Amino acid sequence: MEILLKGRPIVPGEARGLALVSSKPLSFLGGVDAKTGVIIERGHDLYGVGVKDKILCFPHGRGSTVGSYVLYALAKNGVAPRAIVNSLADPVVVVGAVIANIPMVDYIDISMIKTGDLIEVDGGKGLVRICRK
Amino acid sequence: MYLTKDEERIYDGEYGWAKQVSIRILVKLGDLYGADRLIPIESAHISGVAYRTIGDASIEFLKELANSNAKAAVRATTNPSSIDTMNQLFSCLPRNVIEKQREIINLYETMGIEITLTCTPYYIRRPAFGSHLSWAESSAVIYANSLLNAWTNREGGPSALASALVGKTPNYGLHKPENRRASVLVKVEAPLKSEADYGVLGMYLGEVLGNRIPVISGLRRRDEMCLKQLGAAMATSGMASMFYLDENYVGERSFEEEISVDDKSLKASYERLSSTIEKPDLVLIGCPHSSPEELKIIARYLEGKRVRDDVKLWVCASKYVRRNADEYVRVIETSGGHVICDTCAVVTWLRELGVETLVSNSAKTVHYAPLLSKVGASLSSLEECVKIACGK
């Protein structure tokens with residue numbers, strides 16, 4: 001079964017990987033370890049989970065604008081997500097995705113996606129394809 | 001979004017990676033907020049300088065920019081760092097931390113950005129009336145829009161830096177006259193005495209306003225010190241970027257809401273904000289950084305007094321203001337206080353500097369210090385602060 005979701009293109013690029021889905025907004029500054037890519041915000045539903053090579057799906061970012069730099073550092077350190085899917089993009093994550101060159105799409109109903117789904121993202125067209133067996 | 005021929009060339013990378021990634025940031029943000037084009041700015045003010053706040057992650061990006069010959073296209077200034085390198089108080093901090101802070105500052109300097117290290121760049125050079133800016137630092141943003149009639153959105157560190165390198169900002173939000181109309185009338189009924197009371201009013205308003213612009217009536221004091229505290233606090237507890245004083249508002253007076261602020265609401269706000277502290281380790285004045293006029297007032301309170309041995313008194317200001325207020329600096333330091341430059345209580349390592357409790361006349365500091373440094377914090381007027389520092 002395949003589900004095609006149409007959103008808004010934010011950062012171009014294509015990516016394929018397993019979804020990591022959170023229903024909670026994410027602060028990259030203080031929320032994600034830039035060296036390991038592990039989510040370190042206590043009380044977050046993805047606490048202790050690594051974002052490396054995942055298609056990271058969450059409603060939107062929050063917190064300090066320095067969070068953009070954390071996304072860049074994740075990419076530099078080879079532990080960034082392959083793509084970002086948001087319900088509504090916010091400036092912190094958008095700027096982070098631009099400078100880290102991570103494909104990104106928003107206006108997507110995140111609740112359609114489950115952690116572990118195989119996902120294809122086309123950031124240039126704003127498409128998210130869920131491929132389930 | 002419309003781009004000129006030259007902007008398109010930047011976008012396509014003809015002027016190098018640094019400008020390209022910068023304009024991409026601006027265009028993406030512009031798309032997100034419905035900007036029609038980029039507009040030139042008079043200056044940029046960049047946050048994300050304090051190592052304490054930005055950590056190692058940002059150094060990578062700054063390095064990459066500096067290595068690809070990034071240069072500021074307009075005047076650009078920097079927010080405070082984590083350390084006053086000229087003051088012995090900070091020499092107890094770990095060496096690697098001091099090194100990292102120096103590295104960050106050097107990277108900005110390489111990019112042609114002025115190392116002002118202050119949250120009040122408007123005391124160094126006042127933006128022209130009606131100019132467009134790209135400023136980060138929420139207290140400076142609300143000050144510029146409300147008291148200087150210089151127009152800026154509330155930028156973050158990366159977008160202000162991108163604007164500095166391109167010399168432009170996307171035309172949306174507070175850059176457009178139609179978005180600078182007030183939609184709420186605030187009637188202040190509570191009697192406000194000190195600048196600390198204005199901070200409490202600001203904390204209250206920030207929460208109830210969201211990002212709506214108010215016209216504020218009923219303020220008895222309108223001196224700069226009080227209005228600066230009001231704005232800084234509004235931007236601390238909410239997304240506020242602008243307010244009008246009643247007599248200055250010439251726009252249409254059709255408000256979607258009227259809010260009356262009485263003593264009771266402010267009392268509740270104060271109690272949420274401020275803890276009771278018997279004897280603080282630190283008395284902190286100068287958040288946002290002091291003006292020359294404030295240094296004068298503080299010096300007048302301190303004249304002939306002596307700061308207690310078991311309390312530190314910090315008066316934070318920019319190097320520039322310090323240099324131009326010799327006479328007051330001397331009074332403050334003779335009394336045992338420190339005029340601290342380049343940093344403040346919010347962005348340094350308070351606990352490592354031996355501070356577990358503080359009293360300040362700044363609602364912003366009293367809000368952030370417990371969150372960021374896990375210290376106890378209490379709000380008092382400047383006059384009270386000096387009394388606490390010197391013993392009654």
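The values are calculated or read from the model by the stated rules, or taken from the named source; none is laboratory data. Everything numeric in this text was worked out from a predicted model, so none of it was measured. Glycine gets a Cβ as well: all are built from the backbone with ideal geometry, and neighbour counts include every protein chain shown.
Data for the structure
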quantity: Residue that is nearest to B:E383 (Cα to Cα), among those in region B:192-239 that are polar (S, T, N, Q) and within 16 Å of the chain's Cα centre (by Cα); calculated: B:Q229
quantity: Which numbered condition B:R125 misses (of (1) at pLDDT below 95; (2) farther than 18 Å from B:F243 by Cα); calculated: (1)
quantity: Condition check for B:A18: in contact (Cβ under 8 Å) with a residue 40 or more places away in the chain, touching a Leu at 6+ places or on another chain (Cβ under 7 Å), within 22 Å of A:M104 (Cβ to Cβ) and within 14 Å of another protein chain (Cβ to nearest Cβ); calculated: yes
quantity: Residue identified as part of a loop (DSSP other than H, G, I, E, B), buried (at least 19 other Cβ atoms within 10 Å of the Cβ), in contact (Cβ under 8 Å) with a residue 40 or more places away in the chain and not aliphatic (A, V, I, L, M) among B:S241, B:S275; calculated: B:S241
quantity: Which listed residue is crowded, with 17+ Cβ neighbours inside 10 Å and either in contact (Cβ under 8 Å) with a residue 40 or more places away in the chain or closer than 20 Å to B:D31 by Cα (or both), from A:L56, A:L46, A:L71; calculated: A:L71
quantity: Residue tally, condition farther than 18 Å from B:E247 by Cβ and in a helix (DSSP H, G or I), over region B:164-204; calculated: 17
quantity: Boolean, B:L117 is within 14 Å of chain A (Cβ to nearest Cβ), surrounded by 20 or more Cβ atoms within 10 Å (Cβ to Cβ) and not basic (K, R); calculated: no
quantity: Condition met for B:A325 (of a type in the set (A, V, I, L, M), under 19 Å from the mean Cα position of the chain (by Cα) and either under 20 Å from B:V49 (Cβ atoms) or not assigned by TED's automatic domain parsing to the domain that holds B:I115 (or both)); calculated: no
quantity: Breaking point among (1) modelled with pLDDT under 95; (2) away from chain A (no Cβ under 13 Å), for B:R37; calculated: (1)
quantity: Subset tally (residues that are at pLDDT 95 or above and either among the acidic types (D, E) or touching a helix residue (DSSP H, G or I) at 6+ places or on another chain (Cβ under 8 Å) (or both)) for region A:76-85; calculated: 4
quantity: Test: residue in region B:189-204 that is touching a Ser or Thr at 6+ places or on another chain (Cβ under 8 Å), among the basic types (K, R) and within 19 Å of B:N153 (Cα to Cα); calculated: no
quantity: Cross-chain or 6+ apart pairs with Cβ under 8 Å, region B:315-328 first and closer than 15 Å to B:L302 by Cβ and part of a helix (DSSP H, G or I), then among the hydrophobic types (A, V, I, L, M, F, W, C) and modelled with pLDDT of 95 or more; calculated: B:E327/B:A299; B:Y328/B:L295; B:Y328/B:I298; B:Y328/B:A299
quantity: Any hit, region B:15-24, residues being of a type outside the set (A, V, I, L, M), crowded, with 24+ Cβ neighbours inside 10 Å and closer than 17 Å to A:P91 by Cβ; calculated: yes
quantity: Hits in region A:76-96 - residues which are at the interface with chain B (Cβ under 9 Å from one of its Cβ atoms) and aliphatic (A, V, I, L, M); calculated: A:A89, A:V92, A:V94, A:V95
quantity: Flag for A:Y47 being hydroxyl-bearing (S, T, Y) and away from every other protein chain (no Cβ under 12 Å); calculated: yes
quantity: Residues (within 12 Å of the chain's Cα centre (by Cα) and either modelled with pLDDT under 95 or within 13 Å of chain B (Cβ to nearest Cβ) (or both)) located in region A:111-132; calculated: A:G123
quantity: Residue satisfying all of: in region B:53-92; within 11 Å of chain A (Cβ to nearest Cβ) and not aliphatic (A, V, I, L, M); nearest to B:C119 (Cα to Cα) among these; calculated: B:T53
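To keep it simple, each residue is scored yes or no on (1) surrounded by 23 or more Cβ atoms within 10 Å (Cβ to Cβ); (2) among the aromatic types (F, W, Y); (3) assigned to a loop (DSSP other than H, G, I, E, B).
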| position | (1), (2), (3) |
| --- | --- |
| B:V331 | no, no, no |
| B:D342 | yes, no, yes |
| B:T348 | yes, no, yes |
| B:S378 | no, no, no |
| B:V386 | yes, no, no |
